[in-house]
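Working notes, beginning with the structure itself.
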Amino acid sequence: MSSIAVPRQRQRNVLAAVLGFLRYHVLTVYSLLFFAYLLLPIAIVVVFSFNHPTGKFNYTWQGFTWDNWRYWDGVPGIRSAIILSLEIALIASVIATALGTAIALALVRYGFRGRATTNILIFLPLSTPEIVLGASLLTLFLNLNVIFGFWTILIAHIMFCISFAVVTVKARLVGFDRHLEEAAMDLGANEWTTFRKVTLPLIAPAILAALLLCFAISIDDFVVTYFNSGSKITFPLFVWGAARIGAPPQVNVIGTAIFVVALAAMLGNILVQMQRSKRAS
Amino acid sequence: MGFFHRHRGLTPYLLLAPGVAWLAVFFVVPLGFLAYQSLESGNIDFGYAFTWAWGNYWHAIRDYRAQFVRSLEYAGLATLLALLISYPVAYWIAFRGGRWKNLLLLFIVAPFFVTYLIRTLAWETILSDNGFVVNALQSLHVLGPGGRLLATSTAVVTGITYNFLPFMALPLYVSLEQIDGRLIEAAEDLYASKLHAFLRVTLPLSLPGVVAGTLLTFIPAAGDFINAQLLGSPDNHMIGNVIQSKFLELTDYPAAASMSFILMAGILVAVAVYARAVGTEQLTGTAV
């Protein structure tokens, strides 16, 4: 090595050490700041669910109260909106998951003509802006003189949930040990029995995950619902209407409740996974 | 390879039929109706008639060019911000998360557990005129005494960035997580500095995640109208706001339908330009 290369090498080492230090600590600090940023609006939602607003605007902190939680349905229309959202989410997630699981099984298990087209058909709704999904469905219903309401909302929700269900179940099926099924068949089980006794239990976690995902997406949907609801009001539509005149703190109460339930479901899922991997190792 | 492969016949089609039919009738066919409607003329009182009215498209571009451009600008900016903000964190979780990875990922998707509209309203609170952010910026003289954040493009881009951030962070994490740490070690053994190893090994290997995250963020962001409605002023309205009001308030269906297609075309062009820049291999690699 030449005499110039040595100091440059040392310089590079110092630089590397500094960068290494930065990467270790600054990155951690930055990440914590990031999570603070991510969770700040959520904290606002939770805190303002306990606010006691004097005017109609729930923007500034006025004082603590339990009343919003005690009278969570104290605002006209909020209870029926929540019930409608739950009904739609429940039915849509069950139907979409059933349809999606069947598609996922076909895509992973069988070679057939039209497989590539099916893949594209599944992928397209995921990559189309929601407003176009909502608008196109609206024109369909308008042109066929369909009456907007419960059924049009349900149809729309099933439509945009199917792809999510397919993707979720497919991910699990791909890493699936097919020998288990072959063993069942070798022991004399027919296709249906094998599916029921072997395949279904093995992909059950993925089906559950798809159900939860569809439920979450459905209950949160605003745009597509807004285009196809007619005079029916789901919870997000209620929030939209309320926001124009100042959303009451009860909106925060329901938002917090949904958040807590979803968080609990996900935490439970993670804990089960952690325990399972502990048992496996 | 066993039983399933010997019974190709009808089974896959029977499994596919209900779901695919649903998507065909309620996703593909409606797009046809939307295309048809976009070429109609007339009005809601006297009815619409199909007249190959390509003028709808030109009028939409002529009258609403600002909103189209704004949509792509806001979405592009928000996507870039989301990428810059979340890449280091995705990196941190992937390489330093240890057994807390799943829990940290849960934090990343936590915003999705709060209803979209409610978390946008929370930003309205955060950015409001007497809120702590505005007060802090005013005392730092970043904002003038009467300066505000609400009803500005800053507020809209802030909202969009926040709302779609998990779509960026998750694919980034997945691609970073898959990187074999030995490759980075090898680069360092071969005298690459940490920075070089990052630029030459880690970053290129994480590109599929960057591409997937960019698409997943940009596409919904470009069609969004909620952030512009709740956090912006009419001067910040995006094309989604126009489409929404034309459809649901003004019932000018042909104009709104043509705008929907222009929006999709705009997104396709943007994605194509982007694909050109990063290479199509990355794009198709993430497709399915």
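Here, each number is a calculation from the coordinates, and none is a lab measurement. Since this is a predicted model, take the numbers as computed values, not measurements. We place every Cβ from the backbone using ideal geometry, glycine too, and count neighbours over all the protein chains shown.
Is any residue of segment B:74-93 close enough, with backbone N under 17 Å, to a label point placed 7 angstrom from the Cα of residue A:27 along the Cα-Cβ axis, and if so, which? Those under the cut-off are B:84-93. Among the chymotrypsin sites (Phe, Trp or Tyr not before Pro) found in segment A:1-110, those both in a DSSP coil and sparsely packed, with 16 or fewer other Cβ atoms within 10 Å of their Cβ, are A:57, A:61, A:66, A:71. Ignoring the sites themselves, chain B has its longest run without chymotrypsin sites (Phe, Trp or Tyr not before Pro) in a DSSP loop having at most 13 other Cβ atoms within 10 Å at B:55-190. Dipole check for the protein assembly as shown: with +1 at the C-beta of Lys and Arg, -1 at the C-beta of Asp and Glu, and the Cα centre as origin, the magnitude is about 1400 Debye.
Hydrophobic, long helices, defined as DSSP H runs whose alpha-carbon span along the helix axis is 27 Å or greater and whose mean Kyte-Doolittle value is at least 0.5, occur in chain A at A:27-48, A:78-109, A:150-174, A:200-220, A:249-280.
Here r is the Cβ-Cβ distance between residue A:113 and residue A:40 and R0 is 51 Å; the resulting FRET efficiency, rounded to 0.05, is 0.50. Net charge dipole, chain B: roughly 660 debye, given to the nearest 20, about the Cα centre with Cβ charges of +1 for Lys and Arg and -1 for Asp and Glu. Distance between the pseudo-spin-label points of residue A:64 and residue A:176 (7 Å out from Cα toward the beta carbon): 5.2 nm.
Here segment A:207-269 and segment B:35-80 have alpha carbon centers that stand 30 Å from each other. Computed on the Cα atoms alone, the convex hull of segment A:53-121 gives a volume of 177 cubic angstrom per residue.
Given springs between every Cα pair under 10 Å in a Gaussian network model of chain B, which of B:263, B:170, B:14 has the largest fluctuation? Result: B:14 has the largest fluctuation of those listed.
If one puts a single equal scatterer on every Cα of segment A:5-67 and applies the Debye formula without solvent, what log₁₀ I(q)/I(0) results at q = 0.20 Å⁻¹? Log-scaled intensity ratios, in q order: -0.82.
The share of Cα pairs per 10 Å bin across the protein assembly as shown, counted from zero up to the longest distance, runs 3, 15, 24, 26, 18, 9, 3, 1, 0 percent. Here the spin labels are modelled as points 7 Å beyond Cα on the Cα-Cβ line, and at residue A:19 and residue A:204 they lie 5.1 nm apart. Rounded to 0.05, the FRET efficiency of the residue A:148 and residue B:99 pair, given R0 = 60 Å and the Cβ-Cβ distance, is 0.75.
Placing unit charges on the Cβ atoms of the charged side chains and taking the dipole of segment A:76-247 about its Cα centre, the candidate lying farthest along the positive direction among A:247, A:141, A:234 is A:141. For the residue pairs A:170/B:194; A:197/A:278; B:101/B:194, the alpha carbons lie more than 32 Å apart in A:170/B:194. Every helix of 4 or more DSSP H residues in chain B counts as -39500 (n - 2.57), and over all residues that averages to -22500 deg cm²/dmol at 222 nm. Only the Cβ atoms of Lys and Arg (+1) and of Asp and Glu (-1) were treated as charged; on that basis the dipole of chain A about its Cα centre amounts to roughly 920 debye. Here, chain B has an Rg and a Dmax of 23.4, 76 Å when only alpha carbons are counted. Checking every one of the chymotrypsin sites (Phe, Trp or Tyr not before Pro) in segment A:111-146 against DSSP loop status and a limit of 13 other Cβ atoms within 10 Å picks out no site at all. Over chain A, the fraction of Cα-Cα pairs per 5 Å bin, rounded to whole percents and listed from the shortest bin up, is 1, 5, 8, 10, 11, 12, 11, 10, 8, 7, 5, 4, 3, 2, 1, 0, 0, 0.
Within the shell of other residues whose beta carbon sits under 14 angstrom from the beta carbon of residue B:270, the net charge comes to +1, with Lys and Arg scored +1 and Asp and Glu -1.
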